[in-house]
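Accompanying notes for the structure given below.
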Amino acid sequence: MKIGDKESNYAIRSGTIGPDVIDIRKLYAETGCFTYDPGFTSTASCDSALTYIDGDEGVLLHRGYPIGELAEDSSFMEVSYLLLNGELPSKDELESFSYTISRHTMLHEQLMQFYRGFRRDAHPMAIMCGVVGALSAFYHDSTDIADPEHRRISSHRLIAKMPTIAAAAYKYSVGQPFVYPDNSLSYTGNFLRMTFGVPAEPYEVNPVVERALDRIFILHADHEQNASTSTVRLAGSSGANPFACIAAGIACLWGPAHGGANEAALNMLREIGTPDKIPEYIARAKDKNDPFRLMGFGHRVYKNYDPRATVMQKTVREVFDALKVNDPVFEVALQLEEMALNDPYFIEKKLFPNVDFYSGVILSAIGFPTTMFTVLFALARTVGWVAQWNEMISDPGQKIGRPRQLYTGPTQRPYVPVDKR
Ligand code: SDX
């Protein structure tokens with residue numbers, strides 16, 4: 001590469017699959033120039049062996065296994081083990097892992113007091129940010145990130161406690177008492193009971209809903225270096241404890257351009273209301289002067305169908321049939337998808353439904369309010385964040401993340417006392 005009168009050479013590195021990278025770590029030292037890539041559209045921030053995405057082909061692999069096969073044949077606990085350890089577990093390994101996770105589902109009783117400090121109408125994601133960040137005040141015996149045993153325990157604690165924290169956020173918002181974990185249930189069944197069970201009567205987990213929600217958790221488990229995962233890695237690169245890092249990831253996920261899109265997508269579908277209103281909203285999405293976007297459509301990486309959306313759409317039908325739901329919003333979603341996919345604007349810009357387009361339809365049918373949708377996304381993504389955090393901490397080459405900038409402010413100038421301005 002020639003910059004000015006200086007010729008510099010930079011190595012090309014190849015992964016196992018996917019685009020090669022130009023190793024520019026010496027660029028600034030050799031040329032005095034930075035690269036410029038706001039939004040990191042062309043930047044690889046790390047090496048990772050967890051998840052591979054081919055956006056053009058609509059491929060998503062976790063440790064090499066296609067998401068469609070994992071969603072169909074695996075369980076969230078099994079996928080969690082796979083992401084953390086690199087291989088699918090044996091039957092004994094899965095039983096032992098699930099048992100370990102089930103032994104961390106309870107929260108320190110003092111933590112339950114945190115909820116009472118929030119207004120009842122607080123957004124559950126605000127509660128998640130607060131309570132998850134506060135975990136580091138309770139579990140000092142697993143915050144030494146240099147100690148692999150501390151990292152293992154804190155990883156298990158985060159995966160295990162997220163459902164309890166999330167369910168308690170819902171209970172607090174509806175004024176019902178917290179329901180403690182029942183470790184005789186599956187990970188997802190336990191969450192359903194803590195969310196929808198009440199002390200006044202027994203709660204029967206619906207196996208179709210349990211399976212559908214477990215599949216939704218699988219679809220949200222990890223997704224390469226997305227915004228919230230990059231936030232967790234950046235927070236972790238300073239040596240912050242894992243609980244603080246995951247709280248940072250939750251805050252980032254909340255944005256409507258990211259994990260908040262599932263809540264925004266269902267609100268949009270409800271606002272559209274009937275199929276005859278769809279053309280008006282498609283026109284708005286195409287209008288450069290209108291900030292409105294079709295929520296649940298488009299993706300930084302997928303320029304083809306998001307393979308998770310395909311599984312989601314199939315799962316909607318299963319849940320609707322099982323619960324005998326007849327919500328017109330699904331019909332609106334199907335027709336909106338059909339019309340958008342045949343519209344030149346969406347075709348030219350390669351905008352397809354993403355994981356968030358259908359998830360809200362299912363979660364609403366199960367009984368979750370829209371404000372809980374991103375909470376469920378955070379619950380599931382915790383295993384991905386934790387696995388990525390562990391991978392970063394274990395990387396011998398990792399250092400604190402510290403990007404530079406293109407400075408566009410004023411050059412140096414002398415201070416002017418206020419009576420001279
Ligand atoms: C998630 O990164 C991940 O992996 C995230 C995620 C994960 O699992 O972690 O997959 C989860 O966040 C899914 C995305 C959920 N967000 C939404 O559904 C919100 C709606 N979508 C968009 O805001 C947008 O598509 C993004 C944010 C998802 C992607 O934005 P990019 O890659 O920065 O693309 P862009 O904004 O530059 O858009 C390219 C063009 C633009 O038009 P031009 O300026 O080139 O004329 O496409 C247009 C955009 O205006 N466009 C849309 C659109 N999305 C992009 N136009 C209408 N409706 C949309 N939804």
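The values are calculated or read from the model by the stated rules, or taken from the named source; none is laboratory data. Nothing here was measured: the structure is a model prediction, and the numbers come from that model. Virtual Cβ from ideal backbone geometry, glycine too; neighbours counted across all protein chains shown.
Can we say Gly249 is in contact with a helix residue (DSSP H, G or I) (Cβ under 9 Å, 6 or more places away or on another chain) and modelled with pLDDT of 95 or more?
Values: in contact with a helix residue (DSSP H, G or I) (Cβ under 9 Å, 6 or more places away or on another chain): yes; modelled with pLDDT of 95 or more: yes.
Considered against the rule, which asks whether it is in contact with a helix residue (DSSP H, G or I) (Cβ under 9 Å, 6 or more places away or on another chain) and modelled with pLDDT of 95 or more, Gly249 comes out as yes.
Report those helices (runs of 4 or more DSSP H) wholly inside the range 315-421 carrying at least 3 residues which are within 20 Å of Ser230 (Cβ to Cβ). Working first, answer last.
Details: elements: 328-341, 344-348, 355-366, 373-394.
Filter on the range 315-421 gives 373-394.
Within the range 146-196, can you find the residues that are of a type in the set (A, V, I, L, M, F, W, C) and farther than 26 Å from Arg215 by Cβ?
So in the range 146-196, the residues of a type in the set (A, V, I, L, M, F, W, C) come out as 146, 153, 158-160, 162, 165-169, 174, 178-179, 185, 191-192, 194, 196.
Within the range 146-196, Ala146, Ile153, Phe178 meet the criteria.
Can you pull out the residues in the range 265-297 that are without any contact (Cβ under 8 Å) to a residue 12 or more places away in the chain, more than 9 Å from the ligand (Cβ to nearest atom) and not in a helix (DSSP H, G or I)?
Result: Asp287, Asn289, Asp290, Pro291.
Which of the numbered conditions does Glu30 fail, given that it passes all the others? Conditions: (1) closer than 26 Å to Gln398 by Cβ; (2) in a helix (DSSP H, G or I); (3) modelled with pLDDT of 95 or more.
(3)
Which one of these is modelled with pLDDT under 95, within 16 Å of the ligand (Cβ to nearest atom) and either crowded, with 20+ Cβ neighbours inside 10 Å or under 22 Å from the mean Cα position of the chain (by Cα) (or both): Arg233, Arg300?
On the way: Arg233 fails: modelled with pLDDT under 95.
None of the other options fit; the residue is Arg300.
Looking at Pro181, Pro163 in this structure, which one is part of a loop (DSSP other than H, G, I, E, B), under 26 Å from Cys245 (Cβ atoms) and touching a residue at least 40 places away in the same chain (Cβ under 8 Å)?
Just one listed residue meets the conditions, Pro181.
Condition test on Glu318, is it touching a Pro at 6+ places or on another chain (Cβ under 8 Å) and either within 9 Å of the ligand (Cβ to nearest atom) or of a type outside the set (Gly, Ala, Ser) (or both)?
Answer is no for this residue.
I'm told Tyr203 meets every condition in (1) away from the ligand (no atom under 11 Å from the Cβ); (2) buried (at least 20 other Cβ atoms within 10 Å of the Cβ) except one. Can you identify the failing condition by its number?
Every condition holds for Tyr203 apart from (2).
Show the residue pairs that are 6+ apart or on different chains and have beta-carbon atoms under 6 Å apart, the first residue being within the range 302-322 and closer than 27 Å to Asp54 by Cβ, the second being away from the ligand (no atom under 11 Å from the Cβ) and not in a helix (DSSP H, G or I).
Listed pairs, sorted by first residue: Lys303/Asp56; Asn304/Asp56; Asn304/Gly58; Tyr305/Gly58; Pro307/Gly58.
From the residues in the range 253-277 that are of a type in the set (A, V, I, L, M, F, W, C) and within 12 Å of the chain's Cα centre (by Cα), which one is nearest to Arg381 (Cα to Cα)? Please lay out each step first, then the result.
First, the residues of the range 253-277 that are of a type in the set (A, V, I, L, M, F, W, C): 253-254, 257, 261, 264-266, 268-269, 272.
The next check asks that each one be within 12 Å of the chain's Cα centre (by Cα); those that pass are 253-254, 257, 261.
Details: Leu253: 9, Trp254: 12, Ala257: 16, Ala261: 15 Å.
Once the filter is applied, the top-ranked residue is Leu253.
Taking into account only those residues within the range 333-343 that are within 13 Å of the ligand (Cβ to nearest atom) and free of Cβ contacts under 8 Å to residues at least 40 places away in the same chain, which is surrounded by the fewest Cβ atoms within 10 Å (Cβ to Cβ)?
The qualifying residue surrounded by the fewest Cβ atoms within 10 Å (Cβ to Cβ) is Leu341.
Need the failing condition index for Glu318 against (1) surrounded by fewer than 16 Cβ atoms within 10 Å (Cβ to Cβ); (2) within 25 Å of Pro66 (Cα to Cα); (3) modelled with pLDDT of 95 or more, just the number.
(3)
To keep it simple, each residue is scored yes or no on (1) farther than 26 Å from Glu78 by Cα; (2) in contact (Cβ under 8 Å) with a residue 40 or more places away in the chain.
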residue	(1), (2)
Gly117	yes, no
Ala122	yes, yes
Leu135	no, yes
Ala146	yes, no
